[in-house]
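Derivation of every value follows stated rules applied to the coordinates shown; laboratory data play no part. Everything numeric in this text was worked out from a predicted model, so none of it was measured. Methodologically, a virtual Cβ is constructed for each residue, glycine included, from the backbone with ideal geometry; neighbour enumeration extends over all protein chains shown.
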């Protein structure tokens, strides 16, 4: 059952999730995730036929409101809690960089 | 009203009648916190000054002849994943350490309107992921019944605060059992309401199709009162159901005569400790003697709940926790580019269990695996919904243990995540189905530690659920373990 998830897959998934793992963490997480997925395998093996999926327990559809301007968050209060702010905006590090 | 009011309602009545001041009530609870909080660590933050100010405001209203509200003067602990404006809300994570929300959760607004006093932000497993509160970045909470043991999780701080007498009421959140399991382990009442009855606006999201906020209390009547305060449609939460919530307090003392109670067969087998199973059977027998029609019922798909949950919940969490990127709030570990900053921030800010679940969820949703894992799990969820619906054709409420064991020792289950996940086997099915369920204390295990029994009802079945819970509470053995 050790092929349930490979080290390479865990490294790939970590990258997708914007997480950096050390070598030993990669080792530990791979074996832990494999165990959980083993347990989850009984779901994978079930024959559910043509049973439809349930994404939400309560069948609400199209919850709309009128497009009317109302109160919202106080900008200064929001920006006061930002790691960095400038001229009424969040200040962030350079976004367009080299492809990693 | 023949059902006796619990400690919270008793305080509120006394404060409203001018027999006690809210200030005096708050000082009494702060003294309790002063005496034991260093051992218990129920709170990330005790709000002593704020509580005193809020209490003075309640007393001023009473003095001026203004109605201070139905829960006036009652201290309440809030799980620290509930946004409180201007007050640190950490989710027990380093990534939000010190962050102060610019808004209050809807449930916090509703609570404050009743004159209740927010006394502290309670500890939890980081981002509500865990069953023992050992995943908190700020240290575990200890069970007031035995401080060498866990209080359960993820709402361990809320449960412990109520059990220790730090506050008669608390709010927690329940995604896979995070209110009910700690309630059982600490010996208090804990309810997971019907999905959509309580607004999630201001609850930091873990798994959006499963999360619900709910009450902790030392009595069913108090839990009912708090449920009525927080429940009800909220336009700020588009998953909030539009129907009116049926009242629950007025039918509490109807008893269980003729009530059809189904004991879930599968949940008495799945690794349940013999003393817990025995207590659950005693509870069933007690209900039968009180006039209920008790029988066994099979909910076959319940067996798959754990596996489906540990695909669905992490998948939803991986999406919800993508927002913690160091850009707009919380921790930022600065690097030359935004992407490197995100990686460094998340790596430093999240604990191991959170990382594990994010990766599990990302994997379950990734190309090539979506159908086999997440897609399949959502269809198993439908089977669970259908099996419960079938059971409710023959029964009004269902019964099971809440937790497979009594409180385990701190550190006993942390080496293997899967062992920890098994704690949720009885509670998870109701989250998947969206149905309400409540844990009621029912005696102690062979080790003298609290045991909780779980009652389940169909969606919007809270009136019947609370009625059965009140009856069960009245039938519970005394903590000296006297057999019925």
Given a Förster radius of 41 Å and the C-beta distance between residue B:28 and residue A:80 as r, what FRET efficiency does 1/(1 + (r/R0)^6) yield to the nearest 0.05? 0.70
Running a GNM on chain A with Cα contacts under 10 Å, which residue among A:14, A:80, A:34 ends up with the highest mean-square fluctuation? A:80
The protein assembly as shown: calculated mean residue ellipticity at 222 nm from DSSP helix runs of at least 4, using -39500 (n - 2.57): -11500 deg cm²/dmol
Got a sec? How would A:15, A:35 order by Cβ neighbour count within 10 Å, fewest to most? A:15, A:35
Post the alpha-carbon centroid distance, segment B:1-73 to segment B:330-359, in whole angstrom. 40 Å
Pop the C-beta distance of residue B:113 and residue B:474 into the FRET formula with R0 = 22 Å and round what comes out to the nearest 0.05. 0.10
Ascending count of other beta-carbon atoms within 10 Å, so fewest first, for B:455, B:96, B:259, B:124: B:259, B:96, B:455, B:124
Under the rule rounded for a/c under 1.5, else prolate if a/b exceeds b/c, else oblate, using alpha carbon gyration tensor axes a ≥ b ≥ c, chain A is classed as oblate
Give me A:90, B:408, A:29 ranked fewest to most by other Cβ atoms within 10 Å of their Cβ, as a rough exposure proxy. A:90, B:408, A:29
What angle, in degrees between 0 and 90 and rounded to the nearest 10, separates the Cα long axis of helix A:7-16 from the longest principal axis of the Cα atoms of chain A? 10 degrees
For peptide B:236-245, what's the mean number of Cβ atoms from other chains within 10 Å of each residue's Cβ? 2
Quote the FRET efficiency, to the nearest 0.05, computed for residue B:269 versus residue B:415 with a Förster distance R0 of 30 Å and r equal to the Cβ-Cβ distance. 0.75
Quick one: Cα centre-to-centre distance for segment B:257-288 and segment B:407-440, in angstrom? 17 Å
Pairs of alpha-carbon atoms within less than 8 angstrom and 6+ residues apart define the contacts here; what relative contact order does chain A have, in percent? 19 percent
What is segment B:1-73's relative contact order, in percent, from Cα pairs under 8 angstrom and six or more apart in sequence? 50 percent
Distance between modelled label sites at residue B:334 and residue B:244, nm, 7 Å Cα→Cβ extension: 5.7 nm
What average count of beta carbons from other chains do you get within 10 Å of the Cβ of residues in B:92-103? 2
Find the centroid of the Cα atoms in segment B:133-170 and in segment A:76-98, then give the distance between the two in whole Å. 37 Å
